[in-house]
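The values are calculated or read from the model by the stated rules, or taken from the named source; none is laboratory data. Everything numeric in this text was worked out from a predicted model, so none of it was measured. Cβ atoms come from the backbone with ideal geometry, glycine included; neighbour counts cover every protein chain shown. All accessible areas refer to the heavy atoms of the entire protein, side chains included, with ligands and DNA or RNA removed. Shrake-Rupley method; radii C 1.70, N 1.55, O 1.52, S 1.80 Å.
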Amino acid sequence: MKQGLLLSMVFRLQAMNNAFLPLSHGAMAYAALLKMIDRRSPALAKEIHDVQSAKPITVAPLQSAGMVPSHPHVHIVAGEVFTWRVTALTANVAEEIQQMVHSVERVQIGQGIFQVLEVVTSWAEHGEARQTTYPELLNRWERQAVPAEVTLQFVTPTAFRRGRVHQLLPTPRLVWGSLLDRWNRWAPQSFTIGRDLLEEAILLRAWQGGTQRIELDHRAATGFTGQFTYRVQPNYPAVRLMMAVLADFAFFSGVGWQTAHGMGQVRWRAKGSLVNN
């Protein structure tokens, strides 16, 4: 069922105990969110769990000012405050999560137990929170100048899976094809651009990045991170519009494989600042 609402929600959590989490604890964070949904709506939790392709949620890893990305674990100290971001890509999931948070006082992620201090859903309260709709994203870029070039920052490891093989090069066909598939799956108005045209019209112009090994629910995986700039060649106005809309959409949807487990978190960057606001 296609719906119009998009939600990015940020929890502020205070640790209630000392604990260790793996640096790549997205599977644990996903399990925590699904458990929270299950308490109110077992049917919806099962529906999300049973989806074999891209799920209508994304779950980011915990963040705090004291975290050291090079460490293999997140050391949780009682009293420390973390942020935790989740997104919903359909109205029924977004509305359920919004209702659910009113009754949630504690969250357990792995061995870490956290008190919920607050939950925010607007950019004015937190730069990672936002609410909009698919039509609003589309209308935004139909009303203003559309850039020919977009720089995406992949902030958590990202990969594309074909069978048992992980693709680690973010080609235009893979990146924008992933976003296009998700948009067309849930948005009220689809784009009719095919993957072959994406490859023809969009160039990977510049990039700076690397790869990172992570653990996903007892499975090892490798993903890429970094900044990658894509440019639409002249005479493709429809592709330019689509790229701007999908770059905005990527803030909610993520890109590639295992976005519900924290992979594929993406931000649109312009001269060092966020465009998604």
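Considering the stretch 4-18, and only residues there that are part of a strand (DSSP E or B) and open to solvent by 10 Å² or more (accessible area, probe 1.4 Å), the residue that is nearest to E80 (Cα to Cα) turns out to be Q14.
Note on the stretch 188-210: residues that are part of a loop (DSSP other than H, G, I, E, B) and in contact with a Gly (Cβ under 8 Å, 6 or more places away or on another chain) amount to 1. Taken over the stretch 103-125, the residue count meeting the criterion of being in a loop (DSSP other than H, G, I, E, B), open to solvent by 50 Å² or more (accessible area, probe 1.4 Å) and either in contact with an Asp or Glu (Cβ under 8 Å, 6 or more places away or on another chain) or not small (G, A, S) (or both) is 4. Are any of the residues in the stretch 222-237 open to solvent by less than 10 Å² (accessible area, probe 1.4 Å), assigned to a helix (DSSP H, G or I) and within 14 Å of V175 (Cα to Cα)? Within the stretch 222-237, not a single residue is open to solvent by less than 10 Å² (accessible area, probe 1.4 Å), assigned to a helix (DSSP H, G or I) and within 14 Å of V175 (Cα to Cα). Checking each residue in the stretch 235-256 for being within 15 Å of R185 (Cα to Cα) and either charged (D, E, K, R) or under 11 Å from the mean Cα position of the chain (by Cα) (or both) picks out F249, A250, F252, S253, G254, V255, G256. Give me the residue from the stretch 150-184 that is within 16 Å of the chain's Cα centre (by Cα) and of a type in the set (D, E, K, R) and, out of that set, surrounded by the fewest Cβ atoms within 10 Å (Cβ to Cβ). Only one residue tops the list, namely D181. The number of residues in the stretch 66-89 being modelled with pLDDT under 90, outside any strand (DSSP E or B) and either basic (K, R) or over 29 Å from A250 (Cβ atoms) (or both) comes to 0. Scanning the stretch 185-197 for residues being open to solvent by less than 60 Å² (accessible area, probe 1.4 Å), of a type outside the set (A, V, I, L, M, F, W, C) and under 18 Å from E142 (Cβ atoms) gives a total of 1. Looking only at residues of the stretch 40-60 that are in a loop (DSSP other than H, G, I, E, B) and over 17 Å from T158 (Cα atoms), we find that the one that is most open to solvent (accessible area, probe 1.4 Å) is Q52. For the stretch 19-31: of the residues being outside any strand (DSSP E or B) and open to solvent by 10 Å² or more (accessible area, probe 1.4 Å), which is farthest from G66 (Cα to Cα)? In this case the residue turns out to be A31. Residues of the stretch 114-140 that are in contact with a Lys or Arg (Cβ under 9 Å, 6 or more places away or on another chain) and within 21 Å of R269 (Cβ to Cβ): W123, H126, E128, A129, T132. Summed over the stretch 133-181, residues that are part of a strand (DSSP E or B) and of a type in the set (A, V, I, L, M) total 4.
When L34 is tested against (1) under 30 Å from W186 (Cβ atoms); (2) open to solvent by 10 Å² or more (accessible area, probe 1.4 Å); (3) in contact (Cβ under 8 Å) with a residue 12 or more places away in the chain; (4) not in a helix (DSSP H, G or I), exactly one condition is not met: (4).
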